[in-house]
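Undergrad: This is the structure I have questions about; it appears just below.
The values are calculated or read from the model by the stated rules, or taken from the named source; none is laboratory data. What you see is a predicted model; the values in this text were computed from it and never measured. Ideal geometry is used to build each Cβ from the backbone, glycine not excepted, and the neighbour counts take in all protein chains shown.
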Amino acid sequence: MDVRNDPTAAEAVETFPAPPRVRPSRVWGRRLAEDRAELARFWPVVQNMVVQELRVRYQRSFMGFLWTLVNPLLMMFTLSVVFSTLMKMDKVGGDGGGSYTLYILAGMVPWTFLAGSIGEASTCIIQNEALIRKIYVPKLVFPLVRVLINLVTGLLSLAALFLLLLPIGARPSPAMLFLPVAVVLLFAFTLGLSLLVATANTFFRDCGHLVGIFIQAWYFATPIIYPTSQFEERAWLFWLNPAFYFVEMFHAVLYAGALPQLSIVAIAAALAAVSLGIGYAAFKANEDKMVFRL
């Protein structure tokens, strides 16, 4: 929809970059370059959406933005207390012998980011139907915004975790310098899946409901609240779980205080590249059809 001839969109046009004057290239290399340039033009819009969402989410609460730190920590400590009581797991044997609380915290930080991003991205195109019909915004912006919002929350949760490392038995080590690499790989993997579910749910609305069920099942299939050492005979099954490699990187760095195995990092990098490639290709192949399904 061309808003340049729409008088009702005049105010919005003043705050948004103009739409492209040429049709996107069908050559994937050129299309990737065009999208990169277009996202650079719309980056102030992305930043504004992220900031506004975080402000609106906490603007009328007493603690405000502090809930981005307190909420995940309360959930993690609840899980820690419940499972350490029910399963008598004060220590996690075989994985460094450290605190069970630290083991859960180290796994919940990446998982919360992954699950929150995918869940919110599944409906991001549908929820922004009014904006998409009113003015030109690259549709790629909407899933990216959802992932960035959860990334900000995840990084703040990680910062809060660092404040608790020593009290809960962590061992600070040079291996923690690997965390930015782990975050980048997890971000690429999550963004790819978010693009995929955003595309699927726009065309098939049942996908939004299935995503929630799938994430819940995926959570219990990932070693977050239990260590892999409890399943020595069937440990190979975890290698079939894509989230395993990303969670294990955080476990290795934050819990064991060591660099993750090279094989785990290599597989995580491959999964991130495949996820981002498939998600981007699926999203761009169906981008022009989305407006007809809203």
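Undergrad: So, in segment 31-47, of the ones that are without any contact (Cβ under 8 Å) to a residue 12 or more places away in the chain and within 19 Å of the chain's Cα centre (by Cα), which residue ends up nearest to D288 (Cα to Cα)?
TA: Restricting to residues being without any contact (Cβ under 8 Å) to a residue 12 or more places away in the chain and within 19 Å of the chain's Cα centre (by Cα), the top hit is W43.
Undergrad: Name the single residue that is surrounded by the fewest Cβ atoms within 10 Å (Cβ to Cβ) among those in segment 136-170 being over 22 Å from A272 (Cβ atoms) and β-branched (V, I, T).
TA: Top of the filtered list is I168.
Undergrad: Report, ordered by the first and then the second residue, all pairs with beta carbons closer than 6 Å, sequence separation of six or more or different chains, a first member in segment 196-214 that is within 23 Å of L140 (Cβ to Cβ), and a second member that is at pLDDT below 95 and among the hydroxyl-bearing types (S, T, Y).
TA: Going by the 6 Å Cβ cut-off, the qualifying pairs are V197/S122; N201/S122; G208/S122; G208/T123; V211/S122.
Undergrad: How many of the residues in segment 17-76 are at pLDDT below 85 and not in a helix (DSSP H, G or I)?
TA: Residues meeting the conditions: 16.
Undergrad: Continuing with the same structure: Which ones in segment 123-143 are over 21 Å from G212 (Cβ atoms) and either in contact (Cβ under 8 Å) with a residue 40 or more places away in the chain or polar (S, T, N, Q) (or both)? First the steps, then the outcome.
TA: As a first pass, look at segment 123-143 and keep what is over 21 Å from G212 (Cβ atoms): 130-141.
Residues satisfying the conditions are I132, R133, K134, I135, Y136, V137, P138, K139, L140, V141.
Undergrad: Against the condition charged (D, E, K, R), on the phi < 0 side of the Ramachandran plot and surrounded by 18 or more Cβ atoms within 10 Å (Cβ to Cβ), how does E129 come out, does it pass? Break it down into steps so the answer makes sense when it comes.
TA: On the way: charged (D, E, K, R): yes; on the phi < 0 side of the Ramachandran plot: yes; surrounded by 18 or more Cβ atoms within 10 Å (Cβ to Cβ): no.
Considered against the rule, which asks whether it is charged (D, E, K, R), on the phi < 0 side of the Ramachandran plot and surrounded by 18 or more Cβ atoms within 10 Å (Cβ to Cβ), E129 comes out as no.
Undergrad: Mind checking which residues of segment 261-294 are charged (D, E, K, R) and more than 23 Å from the chain's Cα centre (by Cα)?
TA: Applying the first criterion (charged (D, E, K, R)) to segment 261-294 yields 284, 287-289, 293.
Across segment 261-294, the qualifying residues are D288, K289, R293.
Undergrad: Output the qualifying pairs, or none if there are none: Cβ atoms under 6 angstrom, residues six or more apart or on different chains, first residue in segment 224-253 and over 27 Å from S173 (Cα atoms), second residue among the aliphatic types (A, V, I, L, M).
TA: N241/A221
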